[in-house]
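Throughout, read-outs are computed from the coordinates displayed, never taken from laboratory work. This structure is a prediction, so every number in the text was calculated from the model and none was measured. Note that we place each Cβ from the backbone using ideal geometry, even for glycine, and neighbour counts take in every protein chain shown.
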Amino acid sequence: MMKPAYWIAGTDTGVGKTVITGLLAHMFLSAGHPVTVYKPVQTGSPSLDEAEDPTSIQTWLSEDVLAGRLRCENRYNFLIPATPAVVDTDCVIDPAQILNDIAGYQYSNDMDGSGVLLVEGAGGLRVPITPNLEQLELIRESTLPVILVTRPDLGTINHTLLSVEALQRRQIPVVGVIVSGYQAVDVATETLPEMFERFLPVPVLAWVPKLALQCDHPFQNVLSEPWSAGLRPLL
C-alpha cells in the first residue's frame, strides 16, 4: 500500500523546514501513524566526516530536533553548507536515485497503510540540485504535494507568493503554508495574517509561535496546541 507523502519545501534556507518537519512527524506519531523522514540532500551535515561516503543512505540526527530525537534518512550528505550543485564537486547526486528512494519509501512493507512519508527539501525551491536540475523540477517529478514553510518577518509576503506561484505554474499541488516562528512584534508581522488571507491562494495550515519552538520539548503535545487546528486535516 502506498503511504501518504508530503514534500516539505521552504521559501528560502533557514526558514525552519527541519523544525517544521519534526513538528509534523511528531504530530503523525502522536496520532498513531508511523513516519519515515527522508532528506534527499543534506549540506552542512553536523554528523558527516569528510572521509565518509556522501552517496550512501545515512541516518542523520538533526541538531534542530534533538529534543524530539527524530532521525532523518539521507541519500547525499556534504560537509560544506552551500547549494547542492556547488558542493557536489564529483557530480554524485543522481535525481533518478532520489526518485527511486521516494518511491521505495512510499511502497515499502515495513509500515501499514497508516504510515506517512515526509520528504524535506534543501534550501529554497529553485536551488540547483545538479548543474542541470533545480529542486523545483525534482519536486514536480516526485509528484508529491507540497507543504510550504515560510518565515514571518518583513519580506515574507513576496517570497511566499512567488514560491506558491512557481509551484502552481508547474501544476504541483500545494497543501498549504506553515509560518514558522510567528510572533507579532511590529506592523509587518501584525498585519501578515490579513495580507496572507487576502493574497495567498492556498490556506495557512498553522502559525507556529516562536515560543513553541524554543521550549525544551516543543513537539510533545502538538495536537493539543490551539495553533495546530489547521494541521489536523492532514491526519
Inset, instruction - Return the distance in nm (one decimal) between the two label points of a simple spin-label model at T13 and D90, each offset 7 Å from Cα along Cα→Cβ. - result: 2.2 nm
Legend entry - For the range 87-196: rounded, prolate or oblate by the Cα gyration tensor [a/c cutoff 1.5]: prolate
Inset, instruction - Evaluate the distance, in nm, between pseudo-label points positioned 7 Å from the Cα of S224 and of Y107 along their respective Cα→Cβ axes. - result: 4.1 nm
Inset, instruction - Return the loop-located trypsin sites (Lys or Arg not before Pro) in the range 126-235 (DSSP other than H, G, I, E, B) with at most 16 other Cβ atoms within 10 Å of their own Cβ; answer none if there are none. - result: R126, R170, K210
Inset, instruction - Can you figure out the FRET efficiency of Q168 with T189, using R₀ = 45 Å and their beta-carbon distance, to the nearest 0.05? - result: 0.95
